[in-house]
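First up is the structure itself, then whatever we jot down about it.
Each value in this text was obtained by applying a stated rule to the coordinates, not by laboratory testing. The structure displayed is predicted, hence computed values, not measured ones. As a convention, Cβ positions derive from the backbone with ideal geometry for all residues, glycine included, and neighbour counts pool all protein chains shown.
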Amino acid sequence: MILELRFNMLPPALNEQIDLACSDWRASAAVKKLWTNKVADLTQTVNFSFDDKVWLEYHWYLKTFARDSDNVSAASKYILDGLVDAGIIRNDNLAVIQSPVSHYYYRAKAVDGEEESVTSSQTNSLVFKSSESIPIPDNSDSLYLYQIMRIEGCRHLDSKLIVARIEDESNRKVVIYDLLNSNYKDSLMELFDLDYDEDKLVGKAFSSQKSNPRNAVCEFVDFYRPQLEFKSSHEEFSSFNLETCAGCRNFHGANKIVKQFVIRNS
């Protein structure tokens, strides 16, 4: 038996997985759940499962070949976890997954479709909606996962940075977004220690209870603004490392020792 699954988005690659784990464990868990649900949705009509050994082929369609092959292939973890959770395969260990596991890489072509859609079909399509175009109450008790994305193949958003979250509908994924303005770009690059290279913002994630993307990124930056201001005014805090504790990453010096300080209102 052969089972073929097609996704219209690339799962987080290795670098994105590391960034998610370092930035917010809730964001990392939310992305894993998102992709588990994607696989479950695609396998709803599958009336069989693989009870024994399986051989896998991955066909990756990429807009750029600048990524490392092992970075891209690591995205398969989300797919395997989803197949296990959906009951399609009984495990993803080496007793079940057989060699060779083949990975093929292709250059993706931009798809002409609806003005705000990156697929030409209504089924399992990905549709982009500006937060200004739909009513969004900002008093939700839910926790939303936001990611910074650069979209290609969508005329209004081509090559622009956006902050967005994804909502599942019955036959499509809706990306609710706002454009990322230059002030927030600069603050986020400083927060994530990216040497002011905005391309490295792509894939960065954070969580918020704000359902409006613009309000969510504003809240996120404002929360860290006092730490950024303190760090910029004290030379010993000019260098920090994202791989340290996320809660302390803006407070330690080059020697990776967290220094205690107190801010008092006078």
Taking H as built 1.01 Å from N, whose amide H comes closer than 5 Å to the amide H of Leu56, not counting residues under 5 places away? Gln98, Ser102
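Sorting Ile18, Ile162 on the 10 Å Cβ count, fewest up front, what's the list?
By the 10 Å Cβ count, ascending: Ile18, Ile162.
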A correct fewest-to-most ranking of Glu16, Glu167 by other Cβ atoms within 10 Å would be Glu167, Glu16
The set of residues whose placed amide H lies less than 5 Å from the amide H of Leu161, leaving out same-chain residues fewer than 5 positions away, is Leu180
Least to most buried among Ser76, Ser208, Ser28, by other C-beta atoms within 10 Å and fewest first, runs Ser76, Ser28, Ser208
Out of every Cα pair in segment 1-109, what percent are spaced more than 15 Å from each other? 66 percent
